[in-house]
Amino acid sequence: MPIVNINVNGKLVSAEVEGRTLLVQFLRENLRLTGTHVGCDTSQCGACVVHVDGKSVKACTMLAVMADACEVTTIEGLANNGSMHPMQQAFMDNHGLQCGFCTPGMVMTALDIVNRNGNDLDDSTVRKELEGNICRCTGYHNIVKSVKAGAKTMGE
Amino acid sequence: MVENGIGVSVLRKEDKRFLIGKGNYTDDINVAGQTHAYFLRSPHGHATIESIDISAAAASAGVVAVFTGDDLAADGIGTLICGVTVTSDDGEPHRAPAHPALAQGKVNYVGDHVAIVIAETLAQAKDGAEKIAVDYGVLPAVTETARAADDDQVQIHEVAPNNMCFNWPFGDKEGVEAAFASAHKVSRLELINNRMVTNPMEPRASLGEYNTGTEEITLHVTTQNPHVHRLVLSAFNQLAPEHKLRVVGPDVGGGFGAKIFVYAEELVVGWACRKVERPVKWTGDRTEAFLADAHGRDHVATAEMAMDEDGKFLAMRVMTQANLGAYLSTFSTMVPSYLYAFLLAGQYTTPLIYSEVKAVFTNTAPVDACRGAGRPEATYLLERLVDVAARDMDLDPAEIRRRNFIPKDAFPYQTPVVQCYDSGDYVAALDKAMVLADYEGFPARATEAIARGKRRGIGLSSYVEACGIAPSAAVGQLGAGVGLWESAQVRFNPTGNVQVFTGTHSHGQGHETTFAQLVTEQLGVPFENIEVVHGDTAKTQFGMGTYGSRSLAVGGVAIAKACEKLITKGKKIAAHALEAAEGDIEFADGNFTVAGTDKAMNIGEVAFNAYVPHSYPEGLEPGFDENAFFDPLNFSFPAGTHICEVEVDTDTGVVEIVKYSAVDDFGKLVNPMIVEGQVHGGIVHGVGQALLEGCRYDSEGQLITATYMDYAMPRADNVPSFDVDYAPTDPPDNPLGVKGCGEAGAIAAPPAVINAITNALGIKHIDMPATPENVWRAAQGAA
Ligand code: FES
Ligand code: FES
């Protein structure tokens, strides 16, 4: 079995994986980083979004071996010294989550939206950018608010 | 006012763990020695099983065991049940075919469970399943709701001739006929309530563990009601006696009804972990959710309204054919009957209503409650019919509603369909919604849109629903196998912090926050010192769980009652300590005070005295821990008016919702932030049904919408932000003054959206989902 070396949330991990192991399985099952979720089998829902080398990726769409020598950040890697990232805080402040299942993917996608579009976001940009993430609970209204607020705080 | 009490938009206690990736959903749990399960499912809609050969699978690498229906039967494991009886027009109970958890000689829908393969890894379990040889005798399938009972259709179950589960007439048939015969005008509409797949984002999962020492099974499962699961699995499925079965619903990623029911996978996993004496884990994938979660809606109906010359409703007649799928799921029979026909009066004074519901079996997944359950179907039918009536009478849709509303001074109002509404002010909600939506300004906006080549439409939906499920006596009379009260225990620890045990279950609703708000308001204990415990039969007392917007309206009242008991006991303890008469003790803001003095002790000190009763009232039990049950007197009746404004591109058929305004009466709001979130989510569920979602089977029973690529879920760019406001009334039948808010949006939105589209195109009707193709076709026809 191939060996991968991946930097996950700032820590180097070496592990043997089967060729067919998806990155999301590797994170959830091998590393027990269960904050990244699986909501579909067709790369449609975005519950599994993580960052690979700073870009958002659906971790169900990538094999673990493809992440060899990469830097992966998951939802568990965002909080700093016990305090939440401004984007996480914005989701809390704006009631951007209900059951919480889509939330890690939403937050990771939100950060990528900010990285690419800056800190001053309008509704339609956020809504278009969130097209790959499904939430059944919130109706998106408060997620859109959260992303805009989080983006703003990140710029301050 | 108490900080963080009732009426404050307190941020949620549960959010932090979800935001930092520390949620604890069933699939996140891993235990030593666990095996992985995979279910072999029927690839056919309808087939006999001539033989199953598991020998190659059992010998496959890593496979621990393979079981089929015979193994379950040999162990005396019971079949899956439906808990509500509906009496058919022949006086007999509904037809209830056996529903084995693993097939017995026959499969009845694609996704039906044939065998379970348990292996060291999931991949090995899947590899093993591929080696099971099943010899199927494929039969013709029944898949169309409207045609299922026709004579030319193949019969699915022996016990159900013509694939009929029940035919349930209700109401004054002759009276309605007479009213129709002499009416000034009759409006008529045929419509389909499209089948939905409920789709909570977390797929269902189960993890079974068996302790050979204590002989206890622990089942972690994606459930909205752990105690109901335990009761059913014990009493009806013989999985294990109740005291030897622990059911845990940990963090659950949305339910919307789909996780109420006791499914085959849960029973089989619970049984198999004892069989193999190792933990067994099963996590469904999304396609399995499409195949084997209970679906929702799926009605074909004809609705007629008789009116006088002023557009006053005289009588209504509704004929419905409802698809229940291949087998009866846990609550299924109740959805198209009691939860549907009893809501057909809506907000109107229609004096005579007659309904006939034919429920049929088909070779499709079982159909059961999905957010709103029966009430969205009733509301869609009624609110569409009212718009057609307005069109036939040449009245504004707002005006015809106004003329027929139950006036606010007529409450309590007995409808002709069982329900007695306790409070409401429908005109107030309509008026407020019309202002919020700028209804007056609509014609100008429509004209402006035409200049841009677009068509604008505006649609109303004035709904009422029955929540707070439910008075036990009422549901018992109707044939429910359980009572629907709720339980609570409020426990002070010796150091003064509080644990609240509730029989309800939170899977997104935020009970850990809202219920703590109730307790801080009533007992004055700081919000941060209150912990709400739910979801584990080993921790909480028996309770009925969460569905039908019942948690606050029923479960919240039980908590309030337990708090009252604590205050009563606390007065005795405080009186003793403060050397005063019990009658002189007053309680407010967490302090017991001797009236008219500054002698006081706070509730934490009282709790400490109760656990360290060195100087204590004679004869009083130690401890500061009370439980309470609440069985409501009536349902609660949230209501309101939603107004949707759309812009239709007739060249492409694309519908854009440009404005959506909701005014609801939920009674008192405990946490307005959470309530608003529930409204938003409900609306988008309803918009999904109206514009996007449609579950389809082909004529052989193949599910052709089994992924998110074929089944369109609403996404952020399909919907706008919403304008939400309230027009509350005080419900006399609810001690907390609350009504429930979880389903309103999903109930109100579909007719609001469709009424807006028909208004835009000037057409009588368009069926849901109003996809671009369907809208484009309708626009061509209308042009
Ligand atoms: S699990 Fe990756 S997109 Fe759904
Ligand atoms: S919060 Fe439940 S799916 Fe988004």
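The values are calculated or read from the model by the stated rules, or taken from the named source; none is laboratory data. Source: prediction; values computed, not measured. Cβ coordinates were reconstructed from backbone atoms using ideal geometry, including for glycine residues, and neighbour counts include every protein chain displayed. These accessible areas exclude ligands, DNA and RNA; they are computed on the full protein's heavy atoms, side chains included. Shrake-Rupley method; radii C 1.70, N 1.55, O 1.52, S 1.80 Å.
Brief remarks follow.
- Cβ-derived FRET efficiency at R0 41 Å, B:D135 paired with B:R188, nearest 0.05: 0.25
- For chain B, accessible area per residue (1.4 Å probe, heavy atoms of protein chains only), Å²: 33 Å²
- Computed about the Cα centre, the dipole magnitude for the stretch A:86-155 is approximately 100 debye when only Lys and Arg (+1) and Asp and Glu (-1) carry charge, each at its Cβ.
- Ranked order, B:D651, B:D431, B:D664 - accessible area, probe 1.4 Å, largest first: B:D651, B:D431, B:D664
- Modelled spin labels at B:E586 and B:V435, positioned 7 Å past Cα toward Cβ, are 3.8 nm from each other.
- Rolling a 1.4 angstrom probe over the protein assembly as shown with all protein chains present gives an accessible area of which 49% lies on carbon and sulfur atoms.
- Working from label points 7 Å from Cα in the Cα-to-Cβ sense, the B:T302 to B:Q477 distance is 3.2 nm.
- Selection among B:V519, B:A149, B:N163 by position relative to the dipole of the protein assembly as shown gives B:V519 as farthest towards the positive end (Cβ unit charges, Cα centre).
- Column: log10 I(q)/I(0), Debye, Cα scatterers of the stretch B:363-504, q = 0.09 Å⁻¹: -0.51
- Relative contact order %, chain A, counting alpha carbon pairs below 8 Å whose residues are six or more apart: 24 percent
- Within the stretch A:1-66, the GluC sites (Glu not before Pro) that combine a DSSP coil assignment with at most 15 other C-beta atoms in a 10 angstrom radius are A:E18.
- Residue separation of B:S51 and B:N211 scaled by 0.36 nm, minus their Cα-Cα distance, works out to 54.2 nm of gained length.
- Fraction in percent of alpha-carbon pairs per bin - 20 Å, the protein assembly as shown: 14, 45, 34, 7, 0
- In this calculation the C-beta distance from B:T85 to B:H614 is compared with R0 = 60 Å, giving a FRET efficiency of 0.60.
- Here the Debye sum runs over all C-alpha atoms of the stretch A:14-145 as equal scatterers in vacuum, and log10 of I(q)/I(0) at q = 0.11 Å⁻¹ comes out as -0.37.
- The trypsin sites (Lys or Arg not before Pro) of the stretch A:7-92 meeting both criteria, a DSSP state outside H, G, I, E and B (loop) and at most 14 other C-beta atoms within 10 angstrom of the site's C-beta, are A:R20, A:R32.
- DSSP H segments from chain A that extend 15 Å or more along their own axis, Cα-based, with Kyte-Doolittle mean of 0.5 or above: none
- Protein accessible surface hidden between B and A, which excludes ligands and nucleic acids, total in Å², probe 1.4 Å: 4200 Å²
- Shape class for chain B: oblate, because the ratio a/c of the largest to smallest gyration tensor axis (alpha-carbon atoms, square roots of eigenvalues) is 1.5 or more and b/c is at least a/b.
- For chain B, size of Cβ-based charge dipole, Lys and Arg +1, Asp and Glu -1, in debye: 440 debye
- Dipole magnitude of the protein assembly as shown about its Cα centre (Cβ charges: Lys, Arg +1; Asp, Glu -1), debye to nearest 20: 820 debye
- Rounded FRET efficiency, nearest 0.05, which uses the C-beta distance separating B:M319 from B:K764 and R0 of 22 Å: 0.75
- Relative contact order of chain B, pairs being alpha-carbon contacts under 8 Å that are 6 or more residues apart, as %: 16 percent
- For the stretch A:3-77, the orientation-averaged shadow of the C-alpha convex hull comes to 4.2 nm² (one quarter of the hull surface).
- By average C-beta atoms within 10 angstrom, highest first, the peptides A:39-45, B:220-226: B:220-226, A:39-45
- Helical content of chain B, expressed as a calculated mean residue ellipticity at 222 nm, amounts to -8000 deg cm²/dmol (DSSP H runs of 4 or more residues, -39,500 (n - 2.57) each, divided by residue number, nearest 500).
- Computed extension gain for B:Q104 through B:K599, at 0.36 nm per residue and net of the alpha carbon distance, reaches 170.9 nm.
- Dipole of chain B [Lys/Arg +1, Asp/Glu -1 at C-beta], most positive-end residue of B:A749, B:A129, B:A264: B:A129
- Solvent-accessible area per residue in the stretch A:86-155 equals 29 Å², computed with a 1.4 angstrom probe and all protein chains kept.
- Mean Kyte hydropathy of 0.0 or more with a Cα span along the axis of at least 27 Å, helices from DSSP in chain B: B:557-578
- For the pair B:R452 and B:E621, label points projected 7 Å from Cα toward Cβ lie 6.7 nm apart.
- For the stretch A:3-77, the residue among A:V49, A:N5, A:N30 whose Cα projects farthest onto the positive side of the dipole built from Cβ charges is A:V49.
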